[in-house]
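Peer 1: Let me give you the structure first, and then I'll get to my questions.
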Amino acid sequence: MILVDTGPLVALFDAKDQGHARCRRILESLGEQLVTTIPVLTETLHLLLPAGHRVSGLVDFIQAGGVGVLTQDEQDVRRCFDLMNQYADRPMDFADASIVAAAERNRTDKVFTLDRRDFDAYRIRRGYHRIPFTIVGDEERP
């Protein structure tokens with residue numbers, strides 16, 4: 001399972017985005033299930049508006065099973081708020097917090113993001129351990 005952040009979703013459906021071609025290449029190379037969160041989807045839809053064709057492309061992609069959408073319960077929302085407080089010096093937004101909380105709940109460390117700076121800093125809680133994210137498609141990493 002790979003969690004998908006806002007940046008790649010916007011880039012995939014906005015041909016004018018500077019990351020468009022790169023994100024399409026990465027998407028074609030991924031062989032695992034892609035999922036995102038409601039806060040990420042909300043942020044993505046906001047950034048893609050008012051260009052309706054971009055939004056409809058994203059909606060079609062989701063409905064065709066290109067990316068699953070995880071729901072959050074009250075415990076997840078509380079965890080997001082805790083994370084936002086923990087990373088207040090960055091600051092962490094709710095969408096990023098939802099990705100970290102989803103990684104913890106679903107026991108994955110993989111994220112498809114263009115936000116390397118923040119996701120290099122974020123850690124996934126696993127018991128007493130703090131696990132770094134693996135950024136998929138990150139060409140700068142060995």
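The values are calculated or read from the model by the stated rules, or taken from the named source; none is laboratory data. Predicted model, so just to flag it, every value in this text is computed and none were measured. Virtual Cβ from ideal backbone geometry, glycine too; neighbours counted across all protein chains shown.
Peer 1: At pLDDT 90 or above and either within 17 Å of the chain's Cα centre (by Cα) or aromatic (F, W, Y) (or both): is that true of A64 in this structure?
Peer 2: Values: at pLDDT 90 or above: yes; either within 17 Å of the chain's Cα centre (by Cα) or aromatic (F, W, Y) (or both): no.
Here the answer is no, as A64 does not meet what is asked.
Peer 1: Identify the residue in segment 103-125 that is among the aromatic types (F, W, Y) and not in a helix (DSSP H, G or I) and, among all such residues, is surrounded by the fewest Cβ atoms within 10 Å (Cβ to Cβ). Full working, then the answer.
Peer 2: Of all residues in segment 103-125, those among the aromatic types (F, W, Y) come to 112, 119, 122.
Those left that are additionally not in a helix (DSSP H, G or I): 112, 122.
On the way: F112: 26, Y122: 23.
Among those that are among the aromatic types (F, W, Y) and not in a helix (DSSP H, G or I), it is Y122.
Peer 1: Checking the condition touching a residue at least 24 places away in the same chain (Cβ under 8 Å), part of a helix (DSSP H, G or I) and over 14 Å from L9 (Cα atoms), which residue from V100, V77, V55, V40 passes?
Peer 2: Of V100, V77, V55, V40, the one residue that is touching a residue at least 24 places away in the same chain (Cβ under 8 Å), part of a helix (DSSP H, G or I) and over 14 Å from L9 (Cα atoms) is V100.
Peer 1: Collect the residues in segment 81-107 that are hydroxyl-bearing (S, T, Y) and over 14 Å from the mean Cα position of the chain (by Cα), keeping them in residue-number order. Don't jump to the end; show me each part of the working.
Peer 2: First pass over segment 81-107, keeping only residues hydroxyl-bearing (S, T, Y): 87, 98.
Residue satisfying the conditions is Y87 alone.
Peer 1: Evaluate segment 11-18: report whether one residue or more is buried (at least 16 other Cβ atoms within 10 Å of the Cβ) and aliphatic (A, V, I, L, M).
Peer 2: Looking for residues that are buried (at least 16 other Cβ atoms within 10 Å of the Cβ) and aliphatic (A, V, I, L, M), one finds at least one in segment 11-18, hence yes.
Peer 1: Further, regarding this structure: Which of the following residues is without any contact (Cβ under 8 Å) to a residue 60 or more places away in the chain, closer than 11 Å to V4 by Cβ and out of contact with any helix residue (DSSP H, G or I) (no Cβ under 7 Å at 6 or more places or on another chain): Q63, Q86, Q33, Q18?
Peer 2: Values: Q63 fails: closer than 11 Å to V4 by Cβ; Q86 fails: closer than 11 Å to V4 by Cβ; Q18 fails: closer than 11 Å to V4 by Cβ.
Going through Q63, Q86, Q33, Q18 in turn, the sole match is Q33.
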